[in-house]
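Where a number appears in this text, it was derived from the coordinates with a stated rule and is not lab data. If you're wondering where the values come from, they're calculated on a predicted model, not measured in any experiment. Here Cβ is always computed from backbone atoms with ideal geometry, including for glycine, and neighbour counts include all displayed protein chains.
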Amino acid sequence: MRPLKLAEGIYDVGVKDWNIRDFHGYSTHMGTSYNAFLIVGSQKTVLIDTVKEPFVNQFMENISKIIDPKEIDILVSNHAEMDHSGALPRILHQIGADKPVYCSKMGERALSAHFPTRQINYQVVKPGTDISLGNYTLSFIETRMLHWPDSMFTFIKEAGILFSSDAFGQHYAWHENFDDEMGEGLFHHAKKYFANILLPYAGKVEKLLKSMEEMDLDIKMICPDHGILWRKNPREIIRRYGRWARHQSKEKVIVIYDTMWNSTEKMAKEIVDGARSTGVEVIPMSVRNWHRSDIMTELIDARALMVGSPTLNNGIFPTLCDVLCYMKGLKPQKKLGAAFGSYGWSGEAVKLLNKELDDMGFERLDDGLKTLYVPDKDQLTAAYDMGVRMGEAVKAKSNPTEEISPPLL
Ligand code: FEO
């Protein structure tokens, strides 16, 4: 139920989108929410972020349960992407077109590009800009590329609440609202979000976490723009972000593959058995049955990727092309890699997969394993052995993120 009271005069007035199943290529099987926050200060009232445009009526109803929306004095846009700013023009139309919209410099640029015909009273803020609401003070933290160039956080020191835009979010819209209402499964949703949205900017996340530590913010609650709010132990999600941002991995191998006439799948099964025999965790993932975004979620803390494709028309099977193209854009790092697959006459797929692994900077186990038409007993043994070698390589590879000293948190 919204609005959701977070502290005296502070509410989540956002909406839940139960039905969305695809978020620019990311499978959102639990829907998502567009969280937005109303702060009724003793002197001024502020709305932080809005919602996706089709939800504007529900959003206004949520606000109206607390105040007359016309009483909003200031809007803050932490992020210009349309899931948080799509409703901005209609909100301004209803509450007063000249109300100031505080945003970053890049936010002004992005919002102007999206709403070129609107005369919006943009007020650019920088780190160090403070806005007093009377009993509360808003301050801003630049978070470029998390997840767009304009992104920023807003912090209210008196309440210890960090409004973190996309960061620390999850695409999750069930009945729960707070971290203490959920178990460990919450971190899977948060990990999926990081793997599919923030991973390309892992270095920036790490720098941000360090600068947050230097700022010595007294954070009591983290309120992202998607999903569950972190009130019980906000430092735990910060700690996990540190781990993911440093590409920390487990002794874990994922084996992704597709198959035409089951030959590549037979190889995959042997590889999985071989790797498992070494004691490492191994997850077989047929790309026909696993969504690309779930593959990324498993890859983020895996130490090795093994990828198998039959050769089709001198190339890689198209389902693998989809996954590898998506994966390359997300820039996973510090992984081992290996390729395998069957072929009928020309057999280019393994060579092309090797190039994909090289382009992503993976440390390749070898030149890969090819089998003509159907793997025979020797070739199945070679596949098993390849799995064993990868399992051993995973155990031997140091986890560089553990070498960072002192620990981030
Ligand atoms: Fe939730 Fe980058 O928007």
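Points to keep in mind about this one:
- From least to most packed, judged by other beta carbons within 10 angstrom and beginning with the fewest, GLU356, GLU184 follow the order GLU184, GLU356.
- Here r is the Cβ-Cβ distance between ASP98 and SER132 and R0 is 25 Å; the resulting FRET efficiency, rounded to 0.05, is 0.75.
- Amide H contacts of ARG364 (H built 1.01 Å from N, under 5 Å, at least 5 apart or other chain): GLY337
- Measuring nothing but how far apart in sequence close Cα pairs (under 8 Å, 6+ apart) lie, relative to its length, the chain scores a relative contact order of 12 percent.
- When DSSP beta bridges are restricted to pairs lying wholly in the chain, around 45% turn out antiparallel.
- An ellipsoid equivalent to region 37-172, defined through the eigenvalues of its Cα gyration tensor, has semi-axes of 19, 19, 15 Å when rounded to whole angstrom and sorted largest first.
- Measuring against 26 Å, Cα to Cα, the residue pairs LYS99/LYS204; LYS52/LYS105; LYS105/LYS210; LYS207/LYS355 contain LYS99/LYS204; LYS207/LYS355 as the ones spanning a longer distance.
- Straight-distance crosslink candidates among lysines, where the alpha carbon sits under 18 Å from LYS157 and sequence neighbours closer than 8 are dropped: LYS5, LYS44, LYS126, LYS220, LYS232
- Inter-label distance, nm, simple model (7 Å from Cα along the C-beta direction), HIS29/GLU71: 4.4
- Antiparallel content of DSSP bridges confined to region 253-395, in %, to 5: 10
- Listed by chain and number, the aspartates and glutamates whose C-alpha is less than 19 Å from the C-alpha of LYS397, apart from same-chain residues fewer than 8 away, are GLU251, GLU281, GLU298, ASP301, ASP358, GLU363, ASP366, ASP367, ASP385.
- Backbone geometry of region 191-206 corresponds, through the Karplus equation with coefficients 6.51, -1.76 and 1.60 at θ = phi - 60°, to 3J(HN,Hα) couplings of 5, 4, 4, 4, 5, 9, 10, 9, 3, x, 10, 4, x, 5, 4, 4 Hz, x marking Gly and Pro.
- Most mobile listed residue (ASN233, ASN399, ASN289) in the chain, GNM with C-alpha springs under 10 Å: ASN289
- Net length gained if the chain between LEU372 and LYS331 were fully extended (0.36 nm per residue, minus Cα distance): 11.5 nm
- Region 4-245 gives an Rg/Rh value of 0.93, both radii derived from C-alpha positions and Rh following Kirkwood.
- Histogram of C-alpha separations across region 146-237, 10 Å bin width, %: 16, 52, 30, 2
- Here each label is just a point 7 Å from Cα along the line to Cβ, and for SER286 and LEU217 those points are 4.5 nm apart.
- Part-to-part distance (alpha-carbon centres) for region 332-365 and region 102-119, which is given in Å: 43
- Potential lengthening between PHE115 and GLU61 on full extension [0.36 nm per residue; Cα-Cα distance subtracted]: 17.1 nm
- Length, then width, then depth: along the principal axes, the Cα atoms of region 253-395 run 34, 32, 26 Å.
- More than 27 Å apart - percent of Cα-Cα pairs taken over the chain: 54
- Contour excess over end-to-end distance, with Cα ends at ASP180 and THR381 and 0.36 nm allotted per residue: 67.5 nm
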